[in-house]
């Protein structure tokens, strides 16, 4: 049996409070608490209040199940849409051990729905989605909770702010050709469009140029707010209100003005999903409400995708501060991203092997505080468990040098210290003579002096002994 249980917060609107997964892919039975904006601001043992309360970061090795957690949140919150209207056929979601699939696989969400979602007062509703193994690794969904139909019809109201869930997979890319929103609506329901990138690799995002120009006539204040938010998030770049002749928006960076396609991969990757997020916020946010006041859930796989390390240090805090009412559930492999968060914002996914040989994934918080640590400290901490951040072969030589230093004398100890501080360059004879080579050349004499010395050297015959003049006779005899 595969079960996903989702507990939503009691605020308006929907936030994920906790998630339980049973027999879904690598998860046999796990439960996890997820951070959300309405969570009480509790202090830790040191009296520190969580500074990014709307962020949950999932860390783990490749294949540990980070993407599965994001999918489980989307499946639970949008179960009726994914079952009856998405066209998505689940593949290998049901847990299989030694080619045997779990029987009667089920995903169950315990959801607290609010006025925005139900057009009434808050209510607790159980939504069950059953996953059944079909042919091979293909699975199927069956919706069996009849009571859920009282309120799930609001999921099909595309102009409603209810059930605002966005999901971005690691293969996200922006549409490069003409974008027809009407055609997209015919192919997929809007709420499935918003999370389809987590399930289908070929899904494209809505580019700014396809919707933002017209929004200044639909809602001028939201149009202005889009520019403000993008420029708040972008480092060292500015989105200009003037578009180029081919319809692309222009960006000013480093004194140069560039169209969107001419930006680097990092800028385009980030702008593409943030622009898509703002597009869906504009669609669902009521006219009288600011975009930053809208609430919902945003799922992002590999949030640091294509980003320079300097940008990785700022991306999550900027997202949290720009959208304080959105709940972000993110994945990453970056120690720089992890170092911007408290360990209370982080969940570690670890693969375990049981004595029977069965493999499964466990979820737990980090043992060490991550906030403020360097990348090396984080990578060698409990969260990443690297023995060293150095190249594997060089690390073996470094360990051998450490053994020599313990058993040898001063020279061996100095060699080890040079390797620790200077890397492989410190091992070479060239490096040992670096100081000699780097010393300043001897001071050259003036040109006139050198010429004079040269002339005297030429005039002076070589290999000729100087003969002393004979002494004059006379004088005192000895």
### Value of Rg/Rh across segment 319-436 [Cα atoms, Kirkwood radius]
1.15
### Summary
Quick note on 332, 284, 381, 264, ordering by fewest other C-beta atoms within 10 Å, gives 264, 381, 284, 332
### Query
Pulled fully out, how much extra length does the chain show between residue 262 and residue 31, if you take 0.36 nm times their separation in residues and subtract their Cα-Cα distance?
78.7 nm
### Task
May I ask you to derive the FRET efficiency for residue 91 and residue 202 from their Cβ-Cβ distance with R0 = 22 Å, giving the value to the nearest 0.05?
0.95
### Message
I need the calculated FRET efficiency for the pair residue 41 and residue 217, taking r as the beta carbon distance and R₀ as 41 Å, to the nearest 0.05.
### Response
0.50
### Query
Separation between the residue 368 and residue 153 pseudo-spin-labels, each 7 Å from Cα along Cα→Cβ, expressed in nm?
5.6
### Task
Compute the FRET efficiency between residue 350 and residue 411 as 1/(1 + (r/R0)^6), taking r as their Cβ-Cβ distance and R0 = 35 Å, and round to the nearest 0.05.
0.20
### Message
Step by step: find N for segment 284-364, compute 2.2 N^0.38 Å, then divide the Cα radius of gyration by it. What's the final number?
### Response
1.43
### Message
Binning at 5 angstrom from zero up to the longest distance, how are the C-alpha pair distances of segment 224-287 distributed in percent?
### Response
4, 16, 28, 27, 15, 7, 3, 0
### Query
What's the extension gain from residue 289 to residue 49 if we count 0.36 nm per residue and subtract their Cα-Cα distance?
83.6 nm
### Query
Can you put 273, 215 in order, fewest other beta carbons within 10 Å first?
215, 273
### segment 153-309: C-alpha pair distances exceeding 27 Å, %
20
### Query
How many nm separate the modelled label positions at residue 310 and residue 420, each set 7 Å beyond the Cα in the direction of the Cβ?
3.1
### Message
I need 248, 396 ordered by Cβ neighbour count within 10 Å, fewest first.
### Response
396, 248
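Each value in this text was obtained by applying a stated rule to the coordinates, not by laboratory testing. Every value quoted in this text rests on a predicted model; they were computed, and no experiment measured them. So basically every Cβ, Gly included, is an ideal-geometry build from the backbone, and we count neighbours across all protein chains shown.
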